[in-house]
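Asks: Pasting a structure below so you can have a look.
The values are calculated or read from the model by the stated rules, or taken from the named source; none is laboratory data. Because the structure is a prediction, the values reported are computed rather than measured. Cβ atoms come from the backbone with ideal geometry, glycine included; neighbour counts cover every protein chain shown. Surface accessibility is based on the protein's heavy atoms, side chains included, excluding ligands, DNA and RNA. Shrake-Rupley method; radii C 1.70, N 1.55, O 1.52, S 1.80 Å.
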Amino acid sequence: MAEDLHIPHGVSKEEVYKALYPQLQALTDGEPDLIANMANITSALKEAFGFFWVGFYRVVDDKLVLGPFQGPPACTRIMYGKGVCGTAWKEGRTLIVPDVDKFPGHIACSSLSRSEIVIPVKKGDSVTAVLDVDSDRPDHFDEIDAFYLEKICSLFG
């Protein structure tokens, strides 16, 4: 597949996700390198939606370690159960945070982040990474984002 993306404009975000998903599927299909696939997915999501920050944290031993991302510099390591990412890892479920300032124990890698969604990447029952997406607008994410970002993360399963 060519590395060019077709991103429709003037349509709903659901339509953008629907157009993007098969392209990500084709881009990652047959590529065994996890880091390469994470890098392309973060780039595609940033291009398609203009998110403030989008990236992966990989589970390494007892911490989440920063992986491929797009956006300003980020926290390098996050402990299990800490912040939104560590909590999503611990609970093994997607977390939507409309206002990061109201999330107990939020880790502020950037003071410009206002809302966040974190999706666990699973292999079987184990969480192997999390996809973290931040917005500089409050209440940016909803169930449409959760559905499609979970579907994108399933490409790693």
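Asks: Between region 83-146 and region 8-67, how far is it from one alpha carbon centroid to the other, in angstrom?
Replies: 15
Asks: So what is the accessible area of region 40-157 per residue, in Å², with the probe set to 1.4 Å?
Replies: 47
Asks: Same structure again: Can you pull the accessible area of Cys153 for me, 1.4 Å probe, Å² to the nearest 10?
Replies: 0
Asks: Right, something else. Pick out the long, greasy-scoring helices in the chain: whole DSSP H runs spanning 20 Å or more along their own axis by Cα, mean Kyte-Doolittle at least -1.0.
Replies: Helices meeting the criterion: 13-28, 34-49.
Asks: Given the options Val11, Val60, Val97, state which has the largest fluctuation in a GNM of the chain using a 10 Å cut-off (strictly under) for Cα springs.
Replies: In the Gaussian network model the winner is Val11.
Asks: Using a 1.4 angstrom probe on heavy atoms only, work out the carbon and sulfur share of the accessible area of region 22-149 in %.
Replies: On region 22-149, the fraction of accessible area on carbon and sulfur atoms equals 50 percent.
Asks: Another question about this same structure. Just to confirm a number: summing +1 for Lys and Arg and -1 for Asp and Glu over residues other than Glu143 whose beta-carbon lies under 12 angstrom from that of Glu143, what do you get? Mind showing how you got there, number by number?
Replies: On the way: positive: Lys13; negative: Glu14, Asp142, Asp145, Glu150.
Computed value for this residue: -3.
Asks: May I pose another question? How high is the relative contact order of the chain? Use alpha-carbon pairs under 8 Å, at least six apart in sequence, and give a whole percent.
Replies: Relative CO of the chain lands at 20 percent.
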